[in-house]
Amino acid sequence: MNRLESSALLKPDRPQTAVPKPSLTMVDAIALIVGLVIGAGIFETPALVAANTGTVGGVIWLWLIGGVVSLLGALCYAELATAYPHVGGNYYYLKQAFGQPIAVLFAWARMTVIQIGLIALLAFVFGDYVSQLFSLGGYSTSIYAAVAIVLLTMLNIIGLRQSKRLQNWLAVTLILGLLLVILSGLGFSPTVPIASVTPSATPSASTPSWGLALVFVLLSYGGWNEAAYISAEIHHPQRNIVRSLLWSIGIITGLYLLINLAYLQGLGVAGMAGSQAVAAALLRQRLGEPGAMFVSFLVVLATLGSINATIFTGARTSFALGQDVSSFRWLGHWYPQPSSPITAYLLQGAIALTLVGLGTFTRKGFETMVDYTAPIFWFFFLLSTLSLIVLRIQEPTRLRPFRVPFYPIVPILFCAICGYLLYSSLVYTGIGAVAGVIVVLLGIPFVRRNA
């Protein structure tokens, strides 16, 4: 009896399944990461950052710091993704470093809180802005949100080729739209002389908080870590994962700095801090109401790209969970035609639609989803970064095509930042955070059953 036959006898109930194929180029990966990161945040958070700093220097420095922090994290993830290329991403790193129970709990959290909450959050933003262009009545936002989830889930089920083609076009269109906003803002004569702006220019009476402002900045930079979930599907991962992360963060940081300079040039710090829709206010001054409508269209494109990319990466963890854990084996099927985890997509879409339904009745879908996801996200982000240090100790001889420079300073520093943001997300969030923690705790029986 050969080894293959004996293996089959040992695992007679393991379903045969296809495996992910390398189908993504570096350009596809960059488009995916840029689409994930540049969502609705850059159209909303700059006003909050300005209100919590009060100076031009403070605004620019915080957005630059956000890019540096993202770069530190990307260096850690680049080592993990190239040393352990796996469709499960963080799930696989946590499994290797801390064992199956922690990995299963993470997969449960991602399946029920982190990724699902983010999809619903983005869908609500999409619905809000499409409704400004074409309203469908009192439930317009929820209708558009549900339609976006259904259509983009079906697109990803149809196949990778169609999904990545849409993602690439959305990323290019979004960048061109942002450049138009930047050029419009930089074409202004300064509303307030930049050199003379002081903290008193901010209309907010509250005490400025750089810590809170950094939370908003890093919320806008969030999403680059999803590159870990495409490491098994990208050509030459040892080379292209690192390059795609560095290129993406460079593009995103450059765009974020330029667009904030445009906001400052056109509105000043006080104008930014007092605006509910800073990009719309900028283009309304420059181009009138058509300019404000253009911003709504741009946000629609940004959220579509983010929803599509989030749906794409979210199903990968559920697939990896199904490959390892008997209770979720039905999720562990990769269908060769089209090349996708169809069952994982369908479950993810169903849960996201359920959250949209709940948000319809609360009418606070966006805020609740932020509270719901943030603490759990930063907790597992911290553990994932710690896994790099643990795996370096456990497997010192493993081939690592990319090594984090200045180890262990970089991962320790990034862990400290994650810890601070975990603390901040608990302090600044409300009842939604409690709900997210409860849902994660409900996954403990699955952990114990499959430990």
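The values are calculated or read from the model by the stated rules, or taken from the named source; none is laboratory data. Quantities reported herein were computed from a predicted structural model and do not represent experimental measurements. So basically every Cβ, Gly included, is an ideal-geometry build from the backbone, and we count neighbours across all protein chains shown.
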Top-ranked residue of the range 102-146 - restricted to ones that are of a type in the set (S, T, N, Q) and surrounded by fewer than 24 Cβ atoms within 10 Å (Cβ to Cβ), ranked as nearest to Ala374 (Cα to Cα): Thr112
Evaluation of Thr385 against (1) among the hydroxyl-bearing types (Ser, Thr, Tyr); (2) modelled with pLDDT of 75 or more; (3) surrounded by fewer than 17 Cβ atoms within 10 Å (Cβ to Cβ) (one fails), failing number: (3)
Cβ-Cβ under 8 Å pairs, at least 6 apart or on other chains, the range 287-305 side touching a residue at least 40 places away in the same chain (Cβ under 8 Å), far side assigned to a helix (DSSP H, G or I) and charged (D, E, K, R): Gly291/Arg284
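Look through the range 278-311, keep the residues that are of a type in the set (Val, Ile, Thr) and over 16 Å from Gly222 (Cα atoms), and return whichever of them is modelled with the highest pLDDT.
The extreme case among them is Val300.
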Filter result for Ile119 (at pLDDT 85 or above, within 22 Å of Phe380 (Cβ to Cβ) and β-branched (Val, Ile, Thr)): yes
Condition check for Leu155: farther than 26 Å from Leu346 by Cβ, part of a helix (DSSP H, G or I) and modelled with pLDDT of 75 or more: no
Residue check for Thr173: within 27 Å of Val439 (Cα to Cα) and either in contact (Cβ under 8 Å) with a residue 12 or more places away in the chain or in a loop (DSSP other than H, G, I, E, B) (or both): no
Among residues of the range 85-101, those that are surrounded by fewer than 23 Cβ atoms within 10 Å (Cβ to Cβ) and either among the aromatic types (Phe, Trp, Tyr) or under 12 Å from Ala227 (Cβ atoms) (or both), counted: 2
Among the residues listed as Gly266, Gly271, the single one being small (Gly, Ala, Ser), buried (at least 24 other Cβ atoms within 10 Å of the Cβ) and farther than 30 Å from Ile119 by Cβ: Gly266
Subset of the range 122-139 (residues that are at pLDDT 80 or above, part of a helix (DSSP H, G or I) and either among the aromatic types (Phe, Trp, Tyr) or touching a strand residue (DSSP E or B) at 6+ places or on another chain (Cβ under 8 Å) (or both)): Phe124, Phe126
Considering residues of the range 43-72 that are under 22 Å from Ile175 (Cβ atoms) and in contact with a Phe, Trp or Tyr (Cβ under 6 Å, 6 or more places away or on another chain) only, the residue modelled with the lowest pLDDT: Thr45
